[in-house]
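The structure appears below as structure tokens.
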Amino acid sequence: MIKTSAPAKIILCGEHAVVYGRPAIALPLSDVRAYAEASPSVPGAGLRFVAPDLGESWAPADSPQHPMSELAAAAMAHLGAPAPNLTIILRSGIPIAGGMGSGAAIGAALVRALAAAAGRELPPAEVSALVYASEARYHGTPSGIDNTVIAYEQAIWFQRQPPGPPLIAPVSIGAPLSLVIGDTGVRSATHMPVGALRTRWQADPAAYEVLFDAVAEQVQRALEALAAGDLAGLGSALDANQSLLERMGVSSPELDRLVGAARAAGALGAKLSGAGWGGVMISLAPAGGQEAIAAALREAGAARVRVAAVAAQAV
Ligand code: PMV
């Protein structure tokens, strides 16, 4: 049996503005993962997917339009491999539509399983490109940050540079971080707030370009604070980013409540993470402060709270 996986992710700062060419920073959450388990089946059986979490099972040959069927077809074409006789079980510990990259992580695990079954290991850039093409079919205008951070599994600085490839650089983290992540429990598909923001930007591009430039400044501040291990500076950049996200109209009452609760419980900074309107928020805990913040988030109605330790990273 082949077992492959890919991590969840969070966007530390810069979401939404990243779609419009500004930089963003994203981190993998290596403890929260999606898995693909491939076992050989009888010759002629073809490929079959089982998704126990969703109670679904299907053969791509019968449901070629399914996102995972299309991704598998693209991966096999890329590998130049014939259709394998495999059953692939897809499992995920990442909440769906929760801002933690569940779709991209399942896709990356699937691509790796198909490659492994063909006796290959694809480099992160190739896994990322296949998953990006799949996300682009369903989410309209993804920036590419999700598939990138998940496929590379390291903290990255990401900036689109169309028509060329995006700028992807590992980020230096001078001191370990403790993030407390609160899930609103509200599921929101990424394309909804992304589409609403696009409509508002089209109506008044100048106003939104100013907001996106202001986000880029906070992402730059966050980069410098991260490298210096300056937690207070990082927290302040996260707070400023949240104010800008609120002005862009992508926060929500539930997100605002959790952000407020985290700050009141001592977080150095807090913001929504991902597309907004639901999903998760992140907060930066001071040393030893994560339990108080986690309790405050639960008290404020978080459906789920996780504490994520982010290791220092030298680049
Ligand atoms: O919904 P998520 O967590 O995958 O976040 C999407 C991030 C956005 O910047 C809002 C969109 C994008 O494609 O980058």
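The values are calculated or read from the model by the stated rules, or taken from the named source; none is laboratory data. All of these numbers come straight from a predicted model, not from anything done at the bench. Cβ placement follows ideal geometry from the backbone for every residue including glycine, while neighbour counts extend to all protein chains displayed. Note: areas computed on protein heavy atoms with side chains; ligands, DNA, RNA excluded. Shrake-Rupley method; radii C 1.70, N 1.55, O 1.52, S 1.80 Å.
A compact table of results
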quantity: Of all DSSP beta bridges in the chain, antiparallel share, percent nearest 5; calculated: 90 percent
quantity: Sorted peptide list for 149-156, 223-230, criterion being average Cβ within 10 angstrom, highest first; calculated: 149-156, 223-230
quantity: Nearest-0.05 FRET efficiency for Ala264 and Ala309, computed from C-beta distance (R0 25 Å); calculated: 0.65
quantity: Between helix 67-79 and the chain: long-axis angle, C-alpha atoms, 0 to 90°, nearest 10; calculated: 70 degrees
quantity: Relative contact order of the range 77-198, defined on C-alpha pairs under 8 angstrom at six or more residues apart (%); calculated: 23 percent
quantity: Where only C-alpha atoms are counted, convex hull volume of the range 177-310 per residue in Å³; calculated: 89 Å³
quantity: Residue of Ala302, Ala240, Ala118 that the Gaussian network model of the chain assigns the largest fluctuation, springs spanning Cα pairs under 10 Å; calculated: Ala118
quantity: Residue among His139, His16, His66 with the largest mean-square fluctuation in a Gaussian network model of the chain, springs linking Cα atoms under 10 Å; calculated: His66
quantity: Karplus (6.51, -1.76, 1.60) ³J(HN,Hα), θ = phi - 60°, over the range 84-91, in Hz, Gly and Pro reported as x; calculated: x, 9, 9, 10, 10, 8, 9, 10
quantity: Candidates Val19, Val50, Val131: whichever shows maximal mean-square fluctuation once the chain is modelled as a Gaussian network with Cα springs under 10 Å; calculated: Val50
quantity: In nm, spacing of pseudo-spin labels at Ala118 and Ala295 (7 Å Cα→C-beta vector); calculated: 5.3 nm
quantity: Where the Cα pairs of the range 112-231 fall when distances are cut into 5 Å bins, in %; calculated: 2, 9, 12, 17, 20, 19, 13, 6, 2, 1, 0
quantity: Percentage of interatomic Cα-Cα distances in the range 2-170 larger than 23 Å; calculated: 35 percent
quantity: Sorted peptide list for 214-220, 202-208, criterion being average Cβ within 10 angstrom, highest first; calculated: 214-220, 202-208
quantity: Within the range 166-186: backbone nitrogen closer than 14 Å to the Ala51 label point (7 Å, Cα to C-beta); calculated: none
quantity: Set of the range 66-102 residues, backbone N closer than 15 Å to the point 7 Å along the Cα-Cβ line of Val42; calculated: 85-87
quantity: Residue-normalised accessible area of the chain, expressed per residue, 1.4 Å probe, Å²; calculated: 40 Å²
quantity: Vicinal HN-Hα couplings computed from phi for the range 46-56 (Karplus, 6.51 cos²θ - 1.76 cosθ + 1.60; Hz; Gly/Pro x); calculated: x, 9, 9, 10, 10, 10, x, 4, 9, x, 10
quantity: Ala228-Asp204 FRET efficiency (beta carbon distance; Förster radius 45 Å; 0.05 resolution); calculated: 0.80
quantity: Degrees, to the nearest 10: 231-248 long Cα axis against longest axis of the chain; calculated: 80 degrees
quantity: 17 Å reach of a label modelled at Met192, 7 Å along Cα-to-Cβ, counting backbone N of the range 95-112; calculated: 95-103
quantity: Taking N as its residue count, the alpha carbon Rg of the chain over 2.2 N^0.38 Å; calculated: 1.00
quantity: Loop-exposed trypsin sites (Lys or Arg not before Pro) per DSSP, neighbour cap 16 Cβ within 10 angstrom, longest uninterrupted part of the chain; calculated: 188-315
quantity: Signed unit charges on C-beta, dipole axis of the chain, positive-most listed residue Ala125, Ala240, His16; calculated: Ala125
quantity: Positive-end residue of Val50, His139, Gln161, charge dipole of the range 2-170 with Cβ unit charges; calculated: Gln161
quantity: Cβ-placed point charges (K, R +1; D, E -1), dipole of the range 131-278 about Cα centre in debye, nearest 20; calculated: 260 debye
quantity: Length released on extending from Arg137 to Ala61, taking residue separation times 0.36 nm less the Cα-Cα span; calculated: 25.5 nm
quantity: Carbon/sulfur fraction of accessible area - the range 2-170, other protein chains in place, 1.4 Å, %; calculated: 58 percent
quantity: Electrostatic dipole magnitude of the range 1-102 [Cβ: Lys, Arg +1; Asp, Glu -1; Cα centre; debye, to 20]; calculated: 220 debye
quantity: Within the accessible area of the range 177-310 (1.4 Å probe), percent carbon and sulfur; calculated: 55 percent
quantity: The chain: relative contact order as a whole-number percent, Cα under 8 Å and 6+ apart; calculated: 22 percent
quantity: Enclosed volume per residue, in Å³, of the convex hull spanned by Cα atoms of the range 225-304; calculated: 84 Å³
quantity: Relative contact order, percent, the range 1-113 [alpha-carbon distance under 8 Å, six or more residues apart]; calculated: 36 percent
quantity: Isotropic mean projected area of the C-alpha convex hull, the range 262-315 (nm²); calculated: 4.5 nm²
